[in-house]
Structure formats: structure tokens, C-alpha cells
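One structure is given here, and the rest of the page talks about it.
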Amino acid sequence: MAVSAHVSKVRSLYKRILVLHRFLPIDLRALGDQYVKDEFRRHKRASPEEVNNFMSEWENYKDTLQSQVLESAGEGLGPGKLGVELCDGKLSDFQGEQIGQLYELMLESTKPNRQFDIQEDRK
């Protein structure tokens, strides 16, 4: 794949994920947006094999989130169930640092008083 085509594909995926995050509760949106920005920035200079895995996993994330957002919109409810369970096979593919990041993300996203104290404008 040509470099410009690859860059275009990465940007398109990045932007689509950020658009989907607009449908998340405001505090999860802030957390998710920051995480996506950090991860995409962190993988700018990754090896081709890492890039393939990275893009595949983020495509899966986008598809899952898009399905969940559309399902919630169809039911006319607020955000419903978000995310999926990680099977043991997936977890064994992670490196130690990634497990730590995943654990921190899980803690932040499930605690009752999240770090982000963002108020939505209700006009």
C-alpha cells in the first residue's frame, strides 16, 4: 500500500472513532478521545507488523462501537451496553505494558467519581 493511501486510511479510522465517541457519555468521551489520540500518536513509528495489528484492533473497536451506538439510537435510549468482554486468548496477546494500560483504563472508566469533571451544556 502506498504511503499516502496508508496515511489516508489511518486518518479516516481515527476521525471515525472520534465521531463515534460523540455518542458516549461526556466523561467517557473525554477519556476515550484522549486514549485514542495517545495510542495513534504512540504508533506513528511502529513496525509494519505492529501497524497491521494496531489497525485491525482499532477497526474492530470502531465496528463494535458503531453497532452499539446504532442499536442504542434505534431503541431511542441513551447509551446502552458499551464495549465487549476480552477473552483470555486476546489477553495473552498483550505485552505487560499493554495489560497495565488496559487495567488503568478499566479502573478509570468504572469508578463512580471519574477523573474528568465535565459538565454537558443543557440548553
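The values are calculated or read from the model by the stated rules, or taken from the named source; none is laboratory data. Small disclaimer: the values here were computed from a predicted structure and weren't measured. In this analysis, Cβ positions are derived from the backbone assuming ideal geometry, glycine residues included, and neighbour counts consider all displayed protein chains.
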- Of all the residues that make up segment 1-45, how many are in contact with a Gly (Cβ under 9 Å, 6 or more places away or on another chain) and over 23 Å from Glu108 (Cα atoms)? 0
- Message: Out of Asp117, Asp38, Asp93, I need the residue that is at pLDDT below 75, out of contact with any Leu (no Cβ under 9 Å at 6 or more places or on another chain) and either closer than 28 Å to Val3 by Cβ or not small (Gly, Ala, Ser) (or both). Which one?
- Response: Asp117
- Cβ pairs under 7 Å, 6+ apart, first in segment 83-98 and in a loop (DSSP other than H, G, I, E, B), second surrounded by 11 or more Cβ atoms within 10 Å (Cβ to Cβ): Val84/Thr64; Phe94/Leu102
